[in-house]
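In what follows, a single structure is set out as structure tokens and then discussed.
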Amino acid sequence: MTRGLLVCLSILLAVVTPRAQRGPAGQRLSMNTIAEQYVRLVLAVGQHDADYVDAFYGPAQWKADAERQKLPLSQIDADADRLIGQIPELSAADRRDSLIVLRREYLRRQLEALRARLRMLQGAKLTFDEESQALYDAVAPVHPESFFAATLAELARLLPGSGPLVERFDAYRQKFIIPPDRLTRVFDLAIAECRSRTLPHVRLPASETFTVEYVTNKSWSGYNWYQGNYRSLIQVNTDLPIYIDRAIDLACHEGYPGHHVYNALLEQRLVRDRGWVEFSVYALFSPQSLIAEGTANYGIEVAFPGDERIKFERDVLYPAAGLDVSQAAQYGRIQALTDRLAYAGNEAARKYLNGELDRAQTAAWLAKYAMTSPARAEQRTRFYDTYRSYVINYNLGKDLVKQFVESREGVSTRSERRWEEFVQLLASPRLPSGLR
Ligand SMILES: [Zn+2]
């Protein structure tokens, strides 16, 4: 993002947002003042926690202030506590706008999550479920090992060879690796397709765009760094082989209609149209992440309903990657089965973070129930070290979003209604607990 554009946004925000005020406890502030204070507190936490601020494109001065002040954790906590008490009651006029109703509750809950993260930074030890409730406003269901048995048995029937299933799966998957020299071509095709499937349903700003970079030595496989001004930087980690199914996953999840679209809509409809400055910052360890990851994952099937994904992969991506198209249908079936093991990752993280399993035992558990190869299991446990209960946002988040969208009126009978409800969710400050 260029400096000139940042200045434009700063001016816009200065017009719509009153100057920071610090009233006594109990004093009611305007929601825009609460919002500015919230952004400043998130930036203050970012001074202590390098992963906390995922995106910020509000006034550069606020970031500079946070860096200069470097408020201690206890001060940030006291300020957040007081701010929660200063959130105004809804007026009768407010109640007529559902987004204003959502905004108030959302800010309160985001501030509570910020306080929970502060407790963790000060050394508090929460269980996996306590942490996910405090940070993400949700608790993942517990699945016993038997929950995965039927899926594993079905995979054992389909995968060639003998020996441990994880090894057979890994051997089988070798035929579906995108050769490194074809990666860019395959990803470009996947992104173009996801974009062309999304744009008819979402009015995006004409200037929206993103850049893709290939990186190494990360604990995640892809990341969208939203820059503001409708631009994203998408990074794809090439530490481990990239299988053909990851092209659509990443293009939809990070791009269209996933994170890039989500962030662009928040900027357009909430930050710019309404002047709600709190959406110019994204606190990673907060309820917002369940909505972000849940919509990014559910967006894949919104963009590619039914068997449209496998057809596109077979007809376009397999040839571009130089892979055997005759294998596409069977690989698609096996992928669909392994998707059912998604919750095994939560169980592994829960056991690991609760101290029931060490790193090696967690890798063994992942191999047995999630069919995760040793190299990938090592990457997974490093992800758990950094992001902890964040893992629930992907699978529980997807399921909650799917359930919410598909229970809305008319969605089951008209496909366009699904897009409408999905886009409306992307552009509204709904909390995870509000999806139930
Ligand atoms: Zn994501």
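Since every read-out is calculated from the coordinates, none of them should be taken as a lab result. Predicted, not measured: the structure shown is a model, and the values here were computed from it. Note that we place each Cβ from the backbone using ideal geometry, even for glycine, and neighbour counts take in every protein chain shown.
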Report D for segment 239-280 in µm² per second (integer): Stokes-Einstein, Kirkwood Rh on Cα pairs, 25 °C, 0.890 mPa s.
211
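Taking 0.36 nm per residue of separation and subtracting the Cα-Cα distance, what length does fully extending Leu233 through Ser407 add?
Values: separation 174, 0.36 × 174 = 62.64 nm, distance 3.34 nm.
Contour length minus Cα-Cα distance gives 59.3 nm.
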Only helical DSSP H runs with n ≥ 4 go in: add -39500 (n - 2.57) per run for the chain, normalise by residue count and round the 222 nm mean residue ellipticity to 500 deg cm²/dmol.
-16500 deg cm²/dmol
Just grab the label-to-label distance for Ser162 and Val215, each label 7 Å out from Cα along the Cβ direction, in nm (one decimal).
4.5
Gaussian network model of the chain, springs between alpha carbon atoms under 10 Å - residue of Ala66, Ala150, Ala264 with greatest fluctuation
Ala150
Quick calc: nm separation of the 7 Å Cα→Cβ label points for Thr127 and Ser74 -> 3.0
Cα long-axis angle, helix 328-339 against the chain (0 to 90 degrees, to the nearest 10)
50
Shape of segment 117-205, Cα gyration tensor, a/c cut at 1.5:
oblate
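Can you bin segment 150-198 into rounded, prolate or oblate? Criterion: square roots of the alpha carbon gyration tensor eigenvalues sorted a ≥ b ≥ c, rounded for a/c under 1.5, prolate for a/b above b/c, oblate for the rest. It would help to have the intermediate numbers written out before the result.
Working: a/c = 5.31, a/b = 2.02, b/c = 2.63.
Here segment 150-198 falls in the oblate category.
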Expressed in nanometres to one decimal, the distance between label points 7 Å along Cα→Cβ at Glu145 and Glu356 is 1.1
Can you report the principal axis dimensions of segment 195-276 using only the alpha carbons, biggest first, rounded to whole angstrom?
43, 25, 17
Nearest 10 degrees, 0 to 90: what angle lies between the long axis of helix 98-121 and the longest principal axis of the chain (Cα atoms)?
80
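Taking the alpha carbon gyration tensor of the chain, what are the square roots of 5 times its eigenvalues, largest first, to the nearest whole Å? Each step should come with its number before you reach the end.
Values: eigenvalues 282, 126, 82 Å².
So the three semi-axes of the chain are 38, 25, 20 Å.
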Enumerate by residue number the chymotrypsin sites (Phe, Trp or Tyr not before Pro) in segment 45-138 meeting two conditions: DSSP loop (anything except H, G, I, E, B), and at most 11 other Cβ atoms within 10 Å of the site's Cβ.
none
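Normalise the Cα radius of gyration of segment 48-121 by 2.2 N^0.38 Å (N = residues in it) and let me know the number. Mind showing how you got there, number by number?
On the way: Rg = 14.7 Å, N = 74, 2.2 N^0.38 = 11.3 Å.
Compactness ratio reported: 1.30.
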Take the Cα of Arg436, step 7 Å along the line toward its Cβ, and report every residue of segment 333-347 whose backbone nitrogen sits under 20 Å from that point.
343, 346-347
Charge dipole magnitude, Cβ of K and R +1, D and E -1 - segment 132-274, Cα centre, debye nearest 20
360
Relative to the chain, whose Cα atoms define the longest principal axis, helix 73-85 and its Cα axis are tilted in degrees, nearest 10, by 70
